[in-house]
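Report on the structure given below.
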Amino acid sequence: MSTGHPELVAAIASEIAASGPIPFVRFMELALYHPQFGYYMRSPESPQERIGWRGDFYTSSDVHPILGQALAKQAEQMYRLLGQPHPFTIVEMGPGKGLLAKHILTTCAHRYHSFFQHLRYVLIDRSPAMRELQRRNLAPWLNQPGLLAWEDDLAIMAPQGLNGLFFSNELVDSFPVHRVQVTTKGIEELWVDYRDGRFVERLMPLSSETLVHQLRRVSTDWPEDYRTEINLRASEWMEQVAQHLDRGFVLTIDYGHTAQDFYRPERKHGTFLCYFRQSINEDPFLRVGEQDMTTHVDFSSLAETGEEQNLRTTGFTNQMSFLMGLSVEQMIAELEQDSPQFNAAIHLLRPNGMGTTFKVLIQHKGIQQPELDGLQYKPFFGSALTAQSAA
Ligand SMILES: C[S@@+](CC[C@H](N)C(=O)[O-])C[C@H]1O[C@@H](n2cnc3c(N)ncnc32)[C@H](O)[C@@H]1O
């Protein structure tokens with residue numbers, strides 16, 4: 001079985017040779033985002049497609065445009081609630097192939113003419129290869145004055161002043177994470193070493209004070225050998241988003257849990273997974289740079305960080321309830337029953353699949369507690385995110 005992309009393996013091995021073992025978070029950063037050889041940074045179609053039915057994994061936008069259509073409807077309501085600002089900016093982070101942007105723009109142009117006149121859509125993706133693919137998929141809109149813009153890093157965008165919606169789908173699960181394990185010495189961190197031509201794990205002390213602090217927030221009665229992940233980048237990202245938003249909303253879709261569920265003692269192996277050609281494995285040292293790596297999202301940490309930054313939690317729901325709240329049954333009724341299109345749309349709603357594994361967190365700033373259609377149906381109690389957060 002391949003160790004991975006040869007130049008990438010050599011680059012990581014040489015960093016380890018120069019400075020010793022690296023924390024897993026650094027290994028994951030290089031495997032996914034090494035500027036030349038990282039999984040997301042190389043051409044996304046060569047030699048093997050990454051995202052899509054023929055790729056390593058697929059996302060909602062590969063399944064059916066209905067999520068983009070529902071998001072357009074939700075964004076238009078947000079625009080009205082904010083008093084129809086000009087421009088209303090949608091910032092989409094980690095757009096991947098740009099299919100959701102395409103579905104949102106198409107829906108706005110056809111159904112929400114007035115909103116579309118005021119819409120500005122900014123795509124932020126750290127991968128130049130992905131940005132290129134987004135441009136291709138958004139070709140029909142490229143010449144529309146003032147509509148589209150691209151950035152490669154939120155940190156370099158002018159801070160504040162933004163009215164509108166920060167939105168992401170499956171972004172946070174792709175952030176590099178720290179991995180920790182309970183041992184006889186307490187909680188230790190997974191570091192990565194390179195021995196005899198192979199990457200190997202080493203359990204060593206925690207690499208940062210921030211990690212120690214976050215572990216104090218989430219760790220409970222974990223048994224020995226308990227393994228889990230801490231996504232510090234997710235909280236940093238939420239802070240940055242809050243600082244850039246003047247008035248408006250943050251809408252985050254991803255697979256994940258409340259902290260209490262994520263870090264419960266029974267979840268002994270954490271949520272880390274690798275994806276290769278639509279199958280999963282748990283070995284990050286295989287096919288390095290040629291398979292995706294991902295973890296579930298701790299939505300409580302996102303909500304708590306938001307609250308610390310004046311982002312109020314509007315609500316937390318799952319994808320099925322979100323879509324139902326936005327009347328997707330009417331959109332589905334327009335499709336021929338049992339057609340491939342119909343079945344694909346239903347796939348996004350499945351109560352034992354994408355409908356419930358995917359969660360939707362909405363936060364707001366600069367507006368009184370808004371009533372949003374996407375949050376009409378609440379499968380969780382109002383305070384689920386914070387009340388259940390582990391001590
Ligand atoms: C799993 S894909 C997202 C798929 C896409 N949103 C969809 O719905 O199909 C993750 C994307 O996030 C991008 N990404 C990861 N970290 C990022 C960051 N810090 N800033 C911007 N983009 C990032 C990756 O380059 C990749 O395009």
- Task: Per residue of the stretch 267-282, in order, report the coupling 6.51 cos²θ - 1.76 cosθ + 1.60 (Karplus, θ = phi - 60°) as ³J(HN,Hα) in whole Hz, putting x for Gly and Pro.
- Result: 7, 6, 10, x, 10, 5, 9, 10, 10, 9, 6, 6, 10, 10, 8, 10
- Whole-Hz Karplus ³J(HN,Hα) for the stretch 221-228, in order, using 6.51 cos²θ - 1.76 cosθ + 1.60 and θ = phi - 60°, x for Gly and Pro? 8, 6, x, 4, 6, 4, 10, 8
- Of the candidates Met238, Thr184, Leu100, the farthest towards the positive dipole end of the stretch 6-387 (Lys/Arg Cβ +1, Asp/Glu Cβ -1, centred on the Cα centre) is Leu100
- Starting at 0 and stepping by 5 Å, how many percent of the alpha carbon pairs of the stretch 136-267 end up in each bin? 2, 8, 14, 16, 15, 14, 10, 8, 7, 4, 2, 0, 0
- When the charge dipole of the chain is computed with +1 at the Cβ of Lys and Arg and -1 at the Cβ of Asp and Glu, the Cα pointing farthest to the positive end, of His269, Ile346, His257, is that of Ile346
- In a Gaussian network model over the chain where Cα atoms closer than 10 Å are linked, find which of Leu148, Leu165, Leu119 has the largest mean-square fluctuation. Leu148
- Task: Specify the angular offset, from 0 to 90 degrees and rounded to the nearest 10, of the alpha carbon long axis of helix 66-81 from the longest principal axis of the alpha carbons in the chain.
- Result: 70 degrees
- If the stretch 6-387 were replaced by its equivalent ellipsoid, with semi-axes equal to the square roots of 5 times the Cα gyration tensor eigenvalues, what would those be, largest first, whole Å? 34, 24, 21
- Note on the structure: Farthest towards the positive end of the dipole of the chain, among Phe166, Ser127, Ser19 and with Cβ unit charges of +1 on Lys and Arg and -1 on Asp and Glu, lies the Cα of Phe166
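Order these peptides, 292-305, 327-340, by their mean beta-carbon neighbour count within 10 angstrom, highest first.
Descending packing order for the listed peptides: 292-305, 327-340.
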- In degrees between 0 and 90, to the nearest 10, how far off the longest principal axis of the chain does helix 99-111 point, with axes built from Cα atoms? 10 degrees
- Message: Can you give me the C-alpha center-to-center distance between the stretch 311-377 and the stretch 43-101, rounded to a whole angstrom?
- Response: 14 Å
- Listed residues Ala344, Ala101, Ala75; largest mean-square fluctuation, Gaussian network over the chain with Cα springs below 10 Å, found at Ala344
- Message: Between 0 and 90 degrees, rounded to the nearest ten: what's the tilt of helix 24-33 against the longest Cα principal axis of the chain?
- Response: 50 degrees
- Message: I'd like the Karplus ³J(HN,Hα) series for the stretch 239-252: coefficients 6.51, -1.76, 1.60, θ = phi - 60°, whole numbers in Hz, and an x wherever there's a Gly or Pro.
- Response: 4, 4, 4, 4, 5, 7, 8, 8, 9, x, 9, 10, 10, 10
- Give the percent of DSSP beta bridges with both residues in the chain that are antiparallel, rounded to the nearest 5. 60 percent
- Query: In terms of modelled amide H atoms, which long-range or inter-chain residues lie less than 5 Å from the amide H of Val192?
  - Reply: Ile22, Phe24, Arg202
- Message: Nothing charged except the Cβ atoms of Lys and Arg (+1) and of Asp and Glu (-1): what's the magnitude of the dipole of the stretch 6-387 about its Cα centre? Round to the nearest 20 debye.
- Response: 540 debye
- Item | Entries of Lys73/Lys365; Lys185/Lys359; Lys268/Lys365; Lys102/Lys268; Lys73/Lys359 with Cα pairs more than 29 Å apart | Lys185/Lys359; Lys268/Lys365; Lys102/Lys268
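When the helix-only estimate is applied to the chain (DSSP H runs of n ≥ 4, each -39,500 (n - 2.57), divided by the residue count), what is the mean residue ellipticity at 222 nm, nearest 500 deg cm²/dmol? Could the numbers behind the result be given before it?
On the way: 16 runs with 139 residues, N = 391.
That comes out to -10000 deg cm²/dmol.
Might you report the magnitude of the Cβ-based charge dipole of the stretch 48-126 about its Cα centre, with Lys and Arg at +1 and Asp and Glu at -1, to the nearest 20 debye?
140 debye
All of the numbers you see were taken from the coordinates with simple rules; none came from a lab. Nothing here was measured: the structure is a model prediction, and the numbers come from that model. FYI the Cβ positions are ideal-geometry reconstructions off the backbone, even for glycines, and counts take in every protein chain you see.
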